[in-house]
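Values quoted throughout were computed directly from the atomic coordinates according to the rules given, and no laboratory measurement underlies them. Since the model is a prediction, treat every value here as computed from it, not as a measurement. Because the Cβ atoms are built from the backbone with ideal geometry, glycine has one as well, and the counts that use them run over all protein chains shown.
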Amino acid sequence: MKIEPFSLERYFAKHEFSARYLLSCSDCEALTLAELLEMADEEAAALWQNLKLAYTESSGHPLLREAISGIYDGIRPDDTLVVVPEEGIFLLMNALLSPGDRIVCTYPAYQSLYEIARSLGCEVTTWEPNEENGWHFDPEQLGRLLKKPTKLVVVNFPHNPTGFVPTKDEYLEMVRLVEKSGAYLLSDEMYRLLELEPNTTLPAGCEVYERAMSLFGLSKSFGLPGLRLGWVASHDAEVLEQMASLKDYTTICGSAPSEILALIAVRNRKKIVAAQISRARRNLKHLEQFIGNHEDYFSLNWPRGGSICLARLLAAQDSMSFCEDLVEQAGIMLVPSRMFHFGDSHVRFGFGRESFPTVLDHFAEYLSRI
Ligand SMILES: Cc1ncc(COP(=O)(O)O)c(C=O)c1O
C-alpha cells in the first residue's frame with residue numbers, strides 16, 4: 001500500500017513529547033487510571049480485579065457494546081464494532097471503496113478521512129466551508145457536489161480543525177441529500193457530546209440514516225486517548241461485517257484492560273464529559289481575552305463544539321514559519337494549517353487541556369517580545 005505521510009501526526013510525532021508547552025492538542029485533559037477506577041460500579045470493579053490478559057472478543061466485549069449502544073437511539077449492541085478510532089476509518093474505507101469510486105469529504109480534514117480513499121485509487125472531492133460565514137458548511141453546496149455519482153460522503157462535526165457544528169436542521173438536510181444520492185455516509189463524530197452550547201448535540205448519523213456509519217471514541221470528549229478505544233455504530237450489518245473481517249488483519253481484537261476501562265468510562269459518560277465541557281468553556285474565556293489583546297495577530301470564528309478552533313494569522317509571516325519560530329524560541333507547539341494541507345494563513349488552537357491558560361500566558365509573553 002502506498003500512502004502519503006500523515007502530515008499532522010508526523011508534526012505531533014516531532015514535537016508532542018519534546019516541546020515544553022502544547023497549544024494545539026485536540027484531546028481533552030486525560031483522566032488518571034485512579035480517577036477512572038474510582039468511578040467503577042461493583043460489576044466493572046470485579047471485571048477489572050479479575051481481568052485475565054487474554055485475547056478478547058473481536059467485535060468488542062459484550063458489556064461494552066451494550067453500554068455503547070445505550071448512547072444512541074435505536075442502536076443494538078450488534079450494530080456496533082469496537083475499534084481503535086483511526087483503525088475504524090481505515091477499515092471502513094477498505095471495506096467500502098474500490099479504485100475509481102468517488103468520495104466527497106468535508107475539508108480541511110483529519111487527513112485519513114480522505115487520504116486512505118485516495119490511496120485506494122478513489123477520486124476525492126472536497127467540500128470546503130466559508131470562513132467569512134463562521135466556517136459554515138453549506139448544505140446547498142453539498143447538493144451540488146452530489147450531482148455526480150458518489151460512493152461515500154465523509155463529514156466530521158464538531159469539525160476538526162474549525163470547531164464548526166451545523167444546526168440540527170442543516171445536518172438532517174445534509175443526511176437527506178446523501179440519502180437521495182444513494183451514497184454511504186461516514187459521520188466522524190469523534191468530538192460529539194462536546195458541544196459548547198446547551199442542546200446543540202446533533203443526532204448521530206447512524207440514528208438517522210440506514211447507510212450511515214458513526215465513528216466515535218474515548219480520545220477527545222472523554223479525555224482517554226491512551227485507551228486507544230472507539231467504535232463504529234451502524235444499521236448496515238453488511239458493512240460492519242466486512243469491517244470486522246478486515247480487522248483480523250489490523251488488530252484482531254481490542255486490548256483487554258482498555259475494554260474494561262472503556263466500560264467504566266461509557267457508563268460514567270455524563271460525569272466525565274460534563275467536566276471536560278466545563279474546562280473547555282473556562283479555557284475559551286481565556287482564549288477570548290487573549291484574542292482580544294492580540295487583534296492585530298489573529299481573527300477567530302468562534303468554535304461551536306469540540307476542543308479545537310482555527311484562527312487566521314493576520315501577522316505578515318506565513319503560519320508555518322511562525323509556528324517553527326514559536327516552538328524553537330519559546331518551546332510552544334502550535335499547529336500551522338499546512339499540516340491540514342490548507343494553506344499557510346491559519347493556526348489551530350486546542351483548548352481541552354488544563355494547562356491551556358498558562359500556555360497562553362507564555363504565548364502572550366513571546367508575542368510581546370517579537
Ligand atoms: C476527526 C478525527 N477523527 C479521528 C481521529 C482519530 O482518533 P484516535 O487518535 O483516537 O485514533 C481524530 C484524532 O485526532 C480526529 O481528530
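Below are the figures for this structure:
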quantity	calculated
Residue among Asp296, Asp248 that alone is closer than 30 Å to Asp318 by Cβ, among the acidic types (Asp, Glu) and surrounded by fewer than 19 Cβ atoms within 10 Å (Cβ to Cβ)	Asp296
Segment 205-253, subset assigned to a loop (DSSP other than H, G, I, E, B) and of a type in the set (Ser, Thr, Tyr), residue nearest to the ligand (Cβ to nearest atom)	Ser219
Breaking point among (1) over 11 Å from the mean Cα position of the chain (by Cα); (2) crowded, with 24+ Cβ neighbours inside 10 Å; (3) more than 25 Å from Leu145 (Cβ to Cβ), for Asn199	(2)
Output for segment 178-200, where each listed residue is over 17 Å from Pro139 (Cα atoms), more than 15 Å from the ligand (Cβ to nearest atom) and free of Cβ contacts under 8 Å to residues at least 60 places away in the same chain	Pro198, Asn199
Strands (runs of 3 or more DSSP E) (entirely within segment 59-176) containing at least 3 residues that are of a type in the set (Asp, Glu), surrounded by fewer than 23 Cβ atoms within 10 Å (Cβ to Cβ) and touching a Ser or Thr at 6+ places or on another chain (Cβ under 8 Å)	none
Among (1) over 14 Å from Glu259 (Cα atoms); (2) within 16 Å of the ligand (Cβ to nearest atom), the one test that Gly60 misses	(1)
Conditions (1) within 15 Å of the ligand (Cβ to nearest atom); (2) assigned to a helix (DSSP H, G or I); (3) out of contact with any strand residue (DSSP E or B) (no Cβ under 6 Å at 6 or more places or on another chain); (4) touching a residue at least 60 places away in the same chain (Cβ under 8 Å): number failed by Ala13	(4)
